[in-house]
1. Yes or no: residue B:63 within 13 Å of DNA strand C (Cβ to nearest atom), at the interface with another protein chain (Cβ under 10 Å from one of its Cβ atoms) and modelled with pLDDT of 85 or more?
2. Suppose we filter the range A:21-58 for residues that are in a helix (DSSP H, G or I), more than 7 Å from DNA strand C (Cβ to nearest atom), touching a residue at least 24 places away in the same chain (Cβ under 8 Å) and within 12 Å of chain B (Cβ to nearest Cβ); how many remain?
3. Quick one: how many residues across the range B:104-133 are part of a loop (DSSP other than H, G, I, E, B) and over 29 Å from residue B:65 (Cα atoms)?
4. If we scan the range B:3-17, do we find a residue that is at pLDDT below 90, away from chain A (no Cβ under 14 Å) and assigned to a loop (DSSP other than H, G, I, E, B)?
5. So residue A:292 clears everything in (1) in a loop (DSSP other than H, G, I, E, B); (2) loosely packed, with under 13 Cβ neighbours inside 10 Å; (3) out of contact with any strand residue (DSSP E or B) (no Cβ under 9 Å at 6 or more places or on another chain) except one condition, right? Which one?
6. Look at the range A:25-61 and say how many of its residues are near DNA strand D (Cβ under 9 Å from one of its atoms) and either loosely packed, with under 13 Cβ neighbours inside 10 Å or within 23 Å of residue B:113 (Cα to Cα) (or both).
7. Looking at (1) more than 30 Å from the chain's Cα centre (by Cα); (2) closer than 26 Å to residue A:174 by Cα, which one does residue A:218 not meet, given that it meets all the others?
DNA sequence: GTCCGATGCTCATCCGTATCAGCCCGGGCC
DNA sequence: GGCCCGGGCTGATACGGATGAGCATCGGAC
């Protein structure tokens, strides 16, 4: 009963039970082919010894012998925790972890991946990737070559977020539809001239958001859209004043940081949001509280995204699961949250 | 250069380079005993093939062959992510992850551990524990038997948080000193009758906080201390009214949830905090923002705790590091944060 | 020519587990 | 008595890599 000193192997158990190591393995795995039959007497004796010694299988050996070991790798192309990305990754990881608990698998976080060309590399000299049965890939900018290499050698993986690479399974967020809906709301509210503040155009999700905004503008005739690539630090009083002078009555921001900055600068100028300027944003704010308003926004279901991604990987890994092709690539809907930063424009459109 | 299809083994590389598998291994590990010498010509040829094939070592095989693989297990006795514990574990994990990146090691999260007797079990039938070089143990309530078993078989681990078990290495938080200091501040402010609201007395950290509060009260003569074991739901108007009628002018709360509840109930009664009742708390509030006041409190450096724990484990795993015994068990100081919920009692002590 | 030492490798084995082919033994049948 | 059959196991091998022991070859010294 008492946990014993030293690590116990199947061979030791075999000796104690007076059988061969093979029998121990068979008992442990409940394999009873017609070729290999274990009578109850023997099985019980072996099980007894297993219980007494507190045997724990060596996962490395199992893996080497070609058995799945219920470990899923998690790789993030951008470092995951350093505060900036934390609000982004935390809900994702929460979903992944919850699902992992559900599936009974462990998570191997590849925190060691070396950085090269500004991105972390998954496949380096002694990557621990192969310990895992499969792998989740997170991050905005993935390496096409690495994705290709993984596919080529048949290593099972799922991308978190839509990927344009042929054959890559993913679960993503339907940013096109979401951004279109939210932008449509802005248009419905009476705005005819919008500005879209976005990030550098890298990564599928960023492209999708842009397309969604454009589609939302196209939902009514004659809508004008200014697009500006600015990170939040570049959002100044000059920028906003310029936009407004040009006739812009509503700003669509890609990130919460941009929206926060717009609100701060606008408020600093003495403007009222949303009376003087509506502000909507395509992401959730970093944290509740603070002095920021309740933005009208898109709520990407990140926790669900994490969970569904792992679920998909689980199905891919399950040989019994005949996964139809279209279920290998799915998009989750984003909810539009009312908020208080969208209103009809105070001054009707000028042209 | 192009990543090749199929997984590449040392044997394949050996064939391509016209050497034996042993040479490939020697080249990869830079082992050049006097017994085994590899001339530059051969080494370069092998390295060339390695680069061309995009070889990645099989971590399971390495581990099986007895090499450390730079994987650190992370085990939480309470499920880690489910929202309740999230605010507790997130900063810890942030510190652990940052340090892991520093050390170049991967993290294996044991999300699969089965629950028995209300706790998760680390050592079950096919635990993946043995894949890791060592392991961090988080959680309030650890299993003494499991700690003992790990020690007995010499598996390296570090407990996050002080442990009373002989020989267990840990990094903890100095709750005794912290709670004593904070409670001392309350006493210095003129309070002579305090109430301490605490949780069920399980786990070393909870005991430590209690001892600290008692020590803080002992810093001046004649201080009275009421202790109540209540979770936040049991904090009612009746309870607070009773305490105050009994002469209590300051409440020390163990958890942020308790403090928040005290503040809500007190405010609901029309009391002013801190004029009518001072409230201090031995933990950080869950999140910034919300309507809660800026509590006078202890700030446990959880992120640092995570990082230091992993650092300690790293040193234990490093055979070159002669770790003095006293450094195997350390406590980190908790900072006292000013806040606005402690003031001199409006009505001087009655006895 | 022989012996020695250094050089440059290869061989064999082990790590712990899974799996399959096949051996031994006892009993029943002809 | 010989044969066959099925139950109950064991042995051998593979997985990929690390490593100590040792073998073959060559140049040089005597």
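1. Yes; evaluated as a whole, the condition is true for this residue.
2. The total comes to 3.
3. 2
4. Within the range B:3-17, not a single residue is at pLDDT below 90, away from chain A (no Cβ under 14 Å) and assigned to a loop (DSSP other than H, G, I, E, B).
5. Checking residue A:292 against (1) in a loop (DSSP other than H, G, I, E, B); (2) loosely packed, with under 13 Cβ neighbours inside 10 Å; (3) out of contact with any strand residue (DSSP E or B) (no Cβ under 9 Å at 6 or more places or on another chain), the one that fails is (2).
6. Summing the residues that are near DNA strand D (Cβ under 9 Å from one of its atoms) and either loosely packed, with under 13 Cβ neighbours inside 10 Å or within 23 Å of residue B:113 (Cα to Cα) (or both) in the range A:25-61 gives 11.
7. (1)
To keep it simple, each residue is scored yes or no on (1) buried (at least 19 other Cβ atoms within 10 Å of the Cβ); (2) out of contact with any helix residue (DSSP H, G or I) (no Cβ under 6 Å at 6 or more places or on another chain); (3) touching a residue at least 60 places away in the same chain (Cβ under 8 Å); (4) not in a loop (DSSP other than H, G, I, E, B).
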| residue | (1), (2), (3), (4) |
| --- | --- |
| B:137 | yes, yes, yes, yes |
| B:148 | no, yes, no, yes |
| B:154 | no, yes, no, no |
| B:166 | no, yes, no, no |
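The values are calculated or read from the model by the stated rules, or taken from the named source; none is laboratory data. Since the structure is predicted, the reported quantities are computational estimates derived from the model, not experimental observations. Because the Cβ atoms are built from the backbone with ideal geometry, glycine has one as well, and the counts that use them run over all protein chains shown.
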